[in-house]
Amino acid sequence: MGLTRRGLLMPLSAAAMAAAMTVLVTAVVPGAAASAGTSPGAPTSGAPTSGVPTSAAPVPEAPVGEVVGAAPLPEADLSHHGYVSFSNGHIAIRIRSENLGPSDVTASTVRLRFSAPLAVTQELPYDCLRSGKATVLCETGGLRSGGGARQTALDLRPAGGPDEVIVRLDTVWNGGVRDTDPKNNVHQVLAPATGDAYAF
């Protein structure tokens, strides 16, 4: 399921989608009948059988989380960097998103979570929307491998007049690629209300 704003689709649960596709293969273990209460050598006339001889080797299990028969996911390296500053009741955030490759990314969604709830009324960029009292989602658009960075600028107001704010930033959708270095798109920044810029 995703959130839409003027036709903008933002998938928010790619992990749940992947989990729904997971296929588990159950191994056939020799001697399983014995553990179910069947004595060795007991007559089996009239009882259905699996057709697998007891001397057959067990079927190997698929690794947990791996989709059997699926093609490997393309690899990319999303990177988000920028800074946060907080003063006069305003949180200024600048994000520079880029893809270090090797595959292109069709779209990605950045999530910003705040330690304080945001004021009810906010003016957000076109590609951003609210998701709860203290969360904002921003769509970066397509990111070509080794192409130019996409810039996102926000000016937000927290509710309650806090003296500092913690901003947590991560990627909740990356176009279905496998990120080879997720550390450079997950950040946490503490910004006191001093107006200083704190880089991430």
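Quick one: how many residues across segment 88-110 are assigned to a strand (DSSP E or B), open to solvent by 40 Å² or more (accessible area, probe 1.4 Å) and over 23 Å from Thr180 (Cα atoms)?
Looking only at that region, the number is 2.
Within segment 160-181, can you find the residues that are loosely packed, with under 14 Cβ neighbours inside 10 Å, outside any strand (DSSP E or B) and at pLDDT 95 or above?
Residue satisfying the conditions is Asp163 alone.
Consider only pairs whose beta carbons are under 6 Å apart and that are at least six residues apart or on different chains; among these, list those whose first residue lies in segment 88-99 and is within 14 Å of Leu112 (Cα to Cα) and whose second residue is charged (D, E, K, R) and exposed (fewer than 14 other Cβ atoms within 10 Å of the Cβ).
Note: pairs meeting the criteria are Ala92/Asp155.
Which of the following residues is modelled with pLDDT under 95, under 23 Å from Phe200 (Cα atoms) and either surrounded by fewer than 13 Cβ atoms within 10 Å (Cβ to Cβ) or touching a helix residue (DSSP H, G or I) at 6+ places or on another chain (Cβ under 8 Å) (or both): Gly148, Gly46?
Values: Gly46 fails: under 23 Å from Phe200 (Cα atoms).
That would be Gly148, the only listed residue that is modelled with pLDDT under 95, under 23 Å from Phe200 (Cα atoms) and either surrounded by fewer than 13 Cβ atoms within 10 Å (Cβ to Cβ) or touching a helix residue (DSSP H, G or I) at 6+ places or on another chain (Cβ under 8 Å) (or both).
Using beta carbons and a limit of 9 Å, which pairs, at least six apart or on different chains, have the first residue in segment 182-200 and under 17 Å from Leu154 (Cβ atoms) and open to solvent by 80 Å² or more (accessible area, probe 1.4 Å) and the second one of a type in the set (A, V, I, L, M, F, W, C) and part of a strand (DSSP E or B)?
Listed pairs, sorted by first residue: Gln188/Ile166; Gln188/Val167; Gln188/Leu169; Ala199/Val84; Ala199/Val189.
To keep it simple, each residue is scored yes or no on (1) outside any loop (DSSP other than H, G, I, E, B); (2) open to solvent by 40 Å² or more (accessible area, probe 1.4 Å); (3) within 17 Å of Leu190 (Cα to Cα).
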position: Leu112; (1), (2), (3): yes, no, yes
position: Val120; (1), (2), (3): no, yes, no
position: Tyr126; (1), (2), (3): no, yes, no
position: Gly141; (1), (2), (3): no, no, no
position: Asp155; (1), (2), (3): yes, yes, yes
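The values are calculated or read from the model by the stated rules, or taken from the named source; none is laboratory data. From a predicted model like this one, the values you see are computed outputs, not experimental measurements. Glycine gets a Cβ as well: all are built from the backbone with ideal geometry, and neighbour counts include every protein chain shown. Heads up: the accessible areas ignore ligands, DNA and RNA and are worked out on the full protein's heavy atoms, side chains in. Shrake-Rupley method; radii C 1.70, N 1.55, O 1.52, S 1.80 Å.
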